[in-house]
C-alpha cells in the first residue's frame, strides 16, 4: 500500500478549522456553528476515503507516515492504521459532526470556544488512534485532556468544576505511570538497537524479550493508565461525575470515544508489548472485568437520574470489552473490538436522547416522567431502539459483540474456566432489567405532570442526528461482516503473536 498523507489531513483539517474558528467574531454564532459542522463533516469524508482505500486483507499498518522528529531520542512523527484503529477513527469522525449538530439549541454561551474545543478534542482522539510512536501517542493522550476538561468545566452542570478536576487528576495519575513505562522500555530497547527508541514497531520486537519481573512492572504501569480511562472496576469513580456534569455533547464523546482509548490502549500496547504478562494476569483482569459488568449493572438499577443510569451502564458494558480482549481468543478479541463501536453508538444515542428530553423538561429524574409515549411517540420509539441496542437484542448491534465475547471467553484456554462466561452473561439479564424498567417508567403509565402534555416531539434536526446512528445500530446487528472483516486480520495477528510468544526469561538469568 503506497504512502499517502491521508492521516495527516485527518489531523490537520480539524486543527486548522479550530484555529480559524477562533478568528471569527463571537457575534457570528450561526457562522461559527456551521463552520465547525462543515470542518467535522470534511474530516469524516477524508476518513471514508481512508476506509475505501484500506486493504482488509493486509494485517499490518497502512497509510504509514514516518518523519524523524527528535533525532537524539529516536522520536518520530510516525502514524498509521490497521483495521482496529481505522474502525475507531471512523467512529470518532462519525460521532463528532452529529454531536456538534446536537448542540444547536443546548449550547448558547461561548459558542466559539465550545466549537474550538470540540475540534481540538477530535485532533487528540484521532492522534491517539493513529500514533505508532509511543512519545507521539503520549502527547496526543495528554493533549486530549485539555479540551475535555474545559468542555466539562465551562458547559457542564452545577458541580462541573469538581467533575472536571476529578476527571483530569484521575487520568493524569495514570498517564504518569505510562510515561515511566515508555521511558523504561525505550531504555531497555537501547540494549538491543544501540539507541533509545519509542518506535512502536521496534518495541514490538523488544517487549516480549523483557525479563518477566520487569515486564510485569511495565505491563501494570500501562494497564493502570488504560484501566482508569476505560474505567475498570474499582477505578471507575470519576466516570459518573464526569458524565452527569458534562453537557450532552461531552457525555456523547466521553462515552462514545474517550472510554475506548483505554480499551484501545490495552489492545495496541499492553497485550502485544508484554504477551507473557498479558497471559499470566488475564484471569485476574477478567475477574475485575466481570465484577465491573455485574457491579455497573446493579448500581444502574437503583439510579433515579437517567443520565447517571446510562453512565453506570458504561462501566458494565466496557467490562465486556475488557473480558473479550483478555480472553485472548479470535472470537472474543474481535467481539471486544466490535463492542467498542457498539457501545459508542448505543450509549451515544442514549445520551443524546436523555439530553433532548432534558432540554424540554430540565429534569433527568425518572420519577418526573411517565406516559410520554402518547405525547412524543417518535422520541419514545427512538429511546426504545437505543435501549434495546444497549441490552443486546438479537438483530441489533449489541448482540453481535456480546455473543462473540461470551463465545470466545467460554473457549478461552488462557482464562481456563467457563465461570467467567456464566457470571458475565448475568450482565445481559441485568441490562434488560434496568433499561426496560427505566423505559417503562418514563414512557408508559400515567402522565404524572400536566407540563408533560406540552412536550414537543423530535425536530427534523434531532432526527438528522439520530437516524445515522440507528442505521449503523441495525446494520451491524443484521450484517456485522462489513465491520468484522475490517478487523479480522489485525485481531488474528495480535492473538497469534501473543499465544506464540516464547516464555520470558527470569531476571536472574538475564543479569548473569
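Some observations on this one:
- Gyration tensor (alpha-carbon) shape descriptor, the stretch 266-359, a/c threshold 1.5: prolate
- Value of D in µm² per second that Stokes-Einstein yields for the stretch 130-262, Kirkwood Rh from Cα pairs, at 10 °C (1.306 mPa s): 101
- Mean separation of Cα contacts under 8 Å (6+ apart) over length of the chain, as relative contact order %: 16
- Its residues counted as N, the stretch 313-410 yields a C-alpha radius of gyration over 2.2 N^0.38 Å of 1.25.
- Length released on extending from residue 110 to residue 190, taking residue separation times 0.36 nm less the Cα-Cα span: 24.0 nm
- Measuring r between the beta carbons of residue 68 and residue 19 and using R0 = 22 Å, the FRET efficiency lands at 0.30.
- Helix 145-155 and the longest principal axis of the Cα set of the chain meet at an angle near 10°.
- Counting beta carbons within 10 Å around each of 312, 479 and listing the fewest first gives the order 479, 312.
- With R₀ fixed at 35 Å, the C-beta to C-beta distance from residue 464 to residue 493 puts the FRET efficiency at about 0.35.
- Axis of helix 6-23 versus longest Cα principal axis of the chain: the two differ by about 50°, to the nearest ten degrees.
- Estimated from helical segments only, the mean residue ellipticity of the chain at 222 nm is -24000 deg cm²/dmol, where each DSSP H run of four or more residues counts as -39500 (n - 2.57).
- Each eigenvalue of the Cα gyration tensor of the stretch 198-238, multiplied by 5 and square-rooted, gives one semi-axis; in descending order these are 25, 13, 6 Å.
- When the alpha-carbon atoms of the stretch 413-468 are used, the pair Rg, Dmax equals 19.6, 58 angstrom.
- Theoretical gain in end-to-end length, residue 58 to residue 28 [0.36 nm per residue, Cα-Cα removed]: 6.1 nm
- Shape call, the stretch 1-74: gyration tensor on alpha carbons, a/c limit 1.5: oblate
- Sorting 474, 293, 84, 13 by the number of Cβ atoms found within 10 Å of their own Cβ, with the fewest placed first, yields 474, 13, 84, 293.
- Each of 229, 109 has some number of other Cβ atoms within 10 Å of its Cβ, and from fewest to most they run 109, 229.
- Pairwise centroid distance, computed over Cα atoms, of the stretch 216-274 with the stretch 51-86, Å: 23
- Inter-site label distance for residue 4 and residue 451 at 7 Å from Cα along Cβ, in nm: 5.2
- Theoretical gain in end-to-end length, residue 298 to residue 204 [0.36 nm per residue, Cα-Cα removed]: 29.9 nm
- Principal-axis tilt of helix 275-301 within the chain, Cα atoms, nearest 10 degrees: 10
- Three-way shape call for the stretch 33-106 based on the alpha-carbon gyration tensor, with the a/c threshold at 1.5: oblate
Any read-out appearing in this document is the output of simple, stated calculations on the displayed coordinates, not a laboratory observation. Source: prediction; values computed, not measured. All Cβ positions, even for glycine, are placed from backbone atoms using ideal geometry, and neighbour counts span all protein chains on display.
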